[in-house]
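The values are calculated or read from the model by the stated rules, or taken from the named source; none is laboratory data. Model, not experiment: these values are computed from the prediction. Using ideal geometry, Cβ is built from the backbone for each residue, glycine included, and neighbour counts are taken over all protein chains shown. Keep in mind that these areas ignore ligands, DNA and RNA; they rest on the heavy atoms of the full protein, side chains included. Shrake-Rupley method; radii C 1.70, N 1.55, O 1.52, S 1.80 Å.
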Amino acid sequence: MKRLVGFFIFVIILIFLFLLFSKRTKNYELSYVDNDFQIKERFVKEEKQYYFNISRENFNYDFVINHKYSTKRKIVKKINEIDKDDYKCISTQVFDYETPYICNKNDEYVDAFSLGIKDSKQEDIEIKNVDKIAVFNNKYEYYIWNGYGISSILDNKEYKFLKKESYDNNLSYKMGNYLIFADYDSTREFNKFFVFNCETKKVTEWTFEESISFNSYFMGDKDGYIYLFDKKNKIQYKLNVEKETISITSDNEGALFFDNEWDTIGLNKLVYNNVYFKDTNMINYSINDEKVYYNYQGSDKNILFDQDEKLTYVDIQNNDAFYLKKDTLYKYNIDEGKTKLLSYFEWNFSYSNKIFIFD
């Protein structure tokens, strides 16, 4: 009897271990066929993302979704297809999510909103006008540079912190709830930042001992720190805005650089070229030849969603792109399409580092 009990306990332990290890998150890759479509399915546990490549005949499409790991395989439930004379589009059903349509027209990838297959969710209706700035969407908090500081568009309130007017504010940076600005009342070098906190709606002064040249640029931020490089003095600084601390992170060997992982980079490369941090994003955006594109992480297929002779990016937040097209600020989301946010005639001529957006 004891042997039988021991045997059952042993079996139960084996079943438990099997279930434990079978449900453990792990990378995998497989290929299969569905309705003449060749499907490559891959999961990367470090990124918690599923990657799909779907092809048939001469057409090839990439999709990426962010989803918790599942022990299920061959998870593409359905492939939706639109086949017209001048373009072909597909969308996939994965778990409970339907990916946006991607179309191929004249050997160029285009989103469904550009072709009119899907309509954007918001109508372009002006809801407010503040000092000649037309507001079409009040979901976000908008701030613009006014020469002496910033102005809140929706609150119609100014936050002035400079004594002298400054057209330039290239040494400004937004991270989280903070906006930081170099002290443009100084000349050539500065040892003070002005810090705007979007939550408290207050501006504070952050003074430090180091003297930083205005011939500097922000490389990016990582893990709550902002990295700035002084080209004149060949020094990299790490800034903690919340604690108001600054430290040097470079030496004669080089400076810190992040390209999906930490590395070092030579100082001369940072002097002669503005080098920016690169991180892993599910959606990446680019502007080329007066066209604006997105592409999925790991894909070389750029998908067109807008075009004009005057295009520039303003911000990227949570896979959404905020960009200026002539005098109008738009937000683009792969599921919702293009949303008109603000319009201001002066942006036809001046827009660099002039608009800041908080969610």
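Counting only Cα, what are the radius of gyration and maximum Cα-Cα distance Dmax of segment 263-305, in Å?
Just the Cα atoms of segment 263-305 yield Rg and Dmax of 13.8, 37 Å.
Just the number: Rg to Rh for the chain, Cα atoms, Kirkwood Rh, two decimals.
1.06
Scan around D34 for amide H atoms under 5 Å from its own, H built in the peptide plane at 1.01 Å from N, and keep only partners 5 or more places away or cross-chain.
I39
Which percent of the Cα-Cα distances in segment 41-93 go past 13 Å? Please report the intermediate quantities before stating the final value.
Details: 882 of 1378 pairs.
That tail contains 64 percent of the Cα-Cα pairs.
Based on the Kirkwood radius over alpha-carbon pairs, what is the Stokes-Einstein translational diffusion coefficient of segment 287-359 at 4 °C with 1.567 mPa s viscosity, in µm²/s?
Details: Rh = 12.8 Å.
For the chosen part, D equals 101 µm²/s.
Relative contact order for segment 243-290: what percent, with Cα pairs under 8 Å and sequence separation of 6 or more?
On the way: 32 pairs, mean separation 12.5, N = 48.
It rounds to 26 percent for segment 243-290.
When the accessible area of segment 156-249 is computed with all protein chains present and a 1.4 Å probe, what percentage of it is carbon and sulfur?
On the way: 1970 of 4900 Å².
It is 40 percent, rounded to a whole number.
Per residue, how much space in cubic angstrom lies within the convex hull of the C-alpha atoms of segment 81-163?
Details: hull volume 15.2 nm³, N = 83.
Cα convex hull per residue, to the nearest whole number: 183 Å³.
How long is segment 143-276 along each principal axis, judged by its Cα atoms, biggest number first, in Å?
47, 30, 25
Which percent of Cα pairs goes in each bin when the distances of segment 84-130 are cut into 10 angstrom slices starting at zero?
P(r) for segment 84-130, in whole percents per bin: 22, 38, 24, 12, 3.
What is the chain's relative contact order, in percent, from Cα pairs under 8 angstrom and six or more apart in sequence?
It rounds to 12 percent for the chain.
Please give the per residue volume of the convex hull enclosing the alpha carbon atoms of segment 202-254, rounded to a whole number of Å³. Let's see the in-between values first.
On the way: hull volume 5.2 nm³, N = 53.
Convex hull of Cα atoms, per residue: 98 Å³.
For segment 198-332, place one equal point scatterer on every Cα, skip the solvent, and apply the Debye formula. What is log10 of I(q)/I(0) at q = 0.09, 0.12, 0.13 Å⁻¹?
Ignoring solvent entirely, the Cα scatterers give -0.36, -0.64, -0.74.
Using θ = phi - 60° and the Karplus relation 6.51 cos²θ - 1.76 cosθ + 1.60, list the HN-Hα couplings for segment 99-112 in order, rounded to whole Hz, with x at every Gly or Pro.
Result, ordered by residue: 5, x, 5, 10, 10, 10, 10, 6, 6, 10, 7, 9, 7, 5 Hz.
At most 15 other Cβ atoms within 10 Å and a DSSP loop assignment: could you name the GluC sites (Glu not before Pro) in segment 99-139 that fit? Don't jump to the answer; show the numbers that get you there.
Working: sites: E108, E123, E126; in loops: E123, E126.
Passing sites in segment 99-139 are E123, E126.
Would you mind working out the magnitude of the charge dipole of segment 215-359 relative to its Cα centre, with +1 at each Lys and Arg C-beta and -1 at each Asp and Glu C-beta, to the nearest 20 Debye? Write down the numbers at each step before the final one.
Values: 17 positive and 24 negative charges, 81 e Å.
Using only the charged Cβ atoms, the result is roughly 400 debye.
Computed over the Cα atoms, what is the radius of gyration of segment 159-218 divided by 2.2 N^0.38 Å, N being its residue count? Intermediate results must be reported in sequence, preceding the final value.
Working: Rg = 11.3 Å, N = 60, 2.2 N^0.38 = 10.4 Å.
So segment 159-218 has a normalised radius of gyration of 1.08.
Using θ = phi - 60° and the Karplus form 6.51 cos²θ - 1.76 cosθ + 1.60, what ³J(HN,Hα) does each residue of segment 87-94 get, whole Hz, x for Gly and Pro?
Ordered by residue, 3J(HN,Hα) equals 7, 10, 10, 9, 9, 10, 9, 10 Hz.
Under the definition of Cα pairs under 8 Å and six or more residues apart, what whole-number percent is the relative contact order of segment 67-148? Working shown, then result.
On the way: 85 pairs, mean separation 11.5, N = 82.
It comes to 14 percent, rounded to a whole number.
Over all pairs of distinct alpha carbons, what does the Kirkwood formula give as the hydrodynamic radius of segment 14-172, in Å? Walk me through the intermediate numbers first.
Values: mean 1/r = 0.0488 Å⁻¹.
By the Kirkwood definition, the hydrodynamic radius is 20.5 Å.
Size of segment 279-328 along its principal axes in angstrom, Cα-based, largest extent first?
31, 21, 14
Taking θ as phi - 60°, what are the ³J(HN,Hα) couplings along segment 133-144 by the Karplus curve (6.51, -1.76, 1.60), each to the nearest whole Hz, with x for Gly and Pro?
Once θ is set to phi - 60°, the couplings for segment 133-144 become 9, 7, 9, 10, 8, 10, 6, 10, 9, 10, 10, 10 Hz.
Show me the trypsin sites (Lys or Arg not before Pro) within segment 44-132 that DSSP assigns to loop and that have at most 14 other Cβ atoms within 10 Å of their Cβ. Each step should come with its number before you reach the end.
Numbers: sites: K45, K48, R56, K68, K72, R73, K74, K77, K78, K84, K88, K105, K118, K121, K128, K132; in loops: K45, K48, K68, K72, R73, K74, K84, K118, K121, K132.
Counting only loop positions with at most 14 other Cβ atoms within 10 Å, the trypsin sites (Lys or Arg not before Pro) in segment 44-132 are K45, K48, K68, K72, R73, K74, K84, K121, K132.
Probe of 1.4 angstrom, ligands and nucleic acids ignored: what's the accessible area per residue over the chain, in square angstrom? Before the final figure, lay out each step's value.
Working: 20320 Å² over 359 residues.
Roughly 57 Å² per residue, with all protein chains present.
Treating the angle as unsigned and between 0 and 90°, give the value, to the nearest 10°, between the Cα long axis of helix 2-22 and the longest Cα principal axis of the chain.
Computed tilt is about 40 degrees.
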